[in-house]
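What follows is a set of notes on a single structure, which appears directly below.
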Amino acid sequence: FNNFDYDSQGTDDDMNIPFSTLGMSTLSLSFDVAYSQYGGQYSDTLEVLVSTDCGATFTSMFLKGGATLGTAPNSSNYFIPTATQWRTENISLSSFVNEEKVIVAFRNDGHWGNNIYVDNINITSDLGNDEVTEKSLSVYPNPIKAGNKLMFDGIEDGARLKLIDPNGKLILQEKLIHLEFKIPENLSPGLYWLNIESNSVIVNKKIIVR
């Protein structure tokens, strides 16, 4: 969330993740966050909310701002986190299991402060099987050339895949067949997100196309 360049006057900016929790008995969310306060009155807030009525109403599950959100010293420069300037947050979402439509929203309340980074968003559930996590799921080769096939370990066949560009635009979506996924031949080189959703987990993986 680019609060350094944009004075949003305290308006909200949401990043939404819709999914189903039918048949789930437990549900948890983890994500990494990085933030540096600009200083003075220029302070921003990150909130995580959940809706089960298509966004008509939301329940706040996480709310941190200013120094409480901060993971690095204050800076009046454009904030880009180093590898050590991240923190992992964990939230229980078990009160939202067995719902047909759930939306998890990451909401930026910007006040012309500094940039908020969110990464490694993982939503996991216990269905009586081994838990799939970002670390246990393997996607290779990575980097990969356009037109070649990605291979997967640690996820069941038939998982739903979405290929997303760095700006959040959906490139394509399909089901995982034979644990393979072909990268489009006309895809431009660069960094992309692969959103992988099965019956028990949602995992996001970075891939580099060359």
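What follows is calculated from the coordinates using simple rules that are stated; it is not laboratory data. All of these numbers come straight from a predicted model, not from anything done at the bench. As a convention, Cβ positions derive from the backbone with ideal geometry for all residues, glycine included, and neighbour counts pool all protein chains shown.
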- Item | Within a Gaussian network of the chain (alpha carbon springs, distance under 10 Å), most fluctuating of I171, I196, I103 | I171
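For a Förster distance of 41 Å, can you work out the FRET efficiency between the beta-carbons of S8 and S92, rounded to the nearest 0.05?
After rounding, the FRET efficiency stands at 0.85.
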- Query: What is the set of long-range amide H partners of A159 at a cut-off below 5 Å, with H atoms built 1.01 Å from backbone N?
  - Reply: L176
- Relative contact order for the chain, counting Cα pairs under 8 Å that sit 6 or more residues apart, in percent: 25 percent
- Message: What translational diffusion coefficient, to the nearest whole µm²/s, does the chain have by Stokes-Einstein, given a Kirkwood radius computed over alpha-carbon pairs, a temperature of 10 °C and 1.306 mPa s viscosity?
- Response: 86 µm²/s
- Task: Using +1 at the Cβ of each Lys and Arg and -1 at the Cβ of each Asp and Glu in region 1-51, identify which of T21, V33, V48 lies farthest towards the dipole's positive end.
- Result: T21
- Message: Between region 43-111 and region 1-17, what is the separation of their alpha carbon centroids in Å?
- Response: 12 Å
- What does the convex hull of the Cα atoms of region 1-69 come to per residue, in Å³, rounded to a whole number? 116 Å³
- With x for Gly and Pro, the residue-by-residue ³J(HN,Hα) of region 38-43, computed from phi through the Karplus equation 6.51 cos²θ - 1.76 cosθ + 1.60 at θ = phi - 60° and given in whole Hz, is 6, x, x, 7, 8, 10
- Go ahead and set up a Gaussian network model of the chain, Cα springs under 10 Å, then flag whichever of A67, A146, A83 fluctuates most. A83
- Message: Just to be sure I understand the curve: with the Debye formula and one point per C-alpha of region 1-121, what is log10 I(q)/I(0) at q = 0.09 Å⁻¹?
- Response: -0.26
- Note on the structure: Over the chain, the sum of -39500 (n - 2.57) across DSSP H runs of at least four, divided by residue number and rounded to 500 deg cm²/dmol, gives at 222 nm -500 deg cm²/dmol
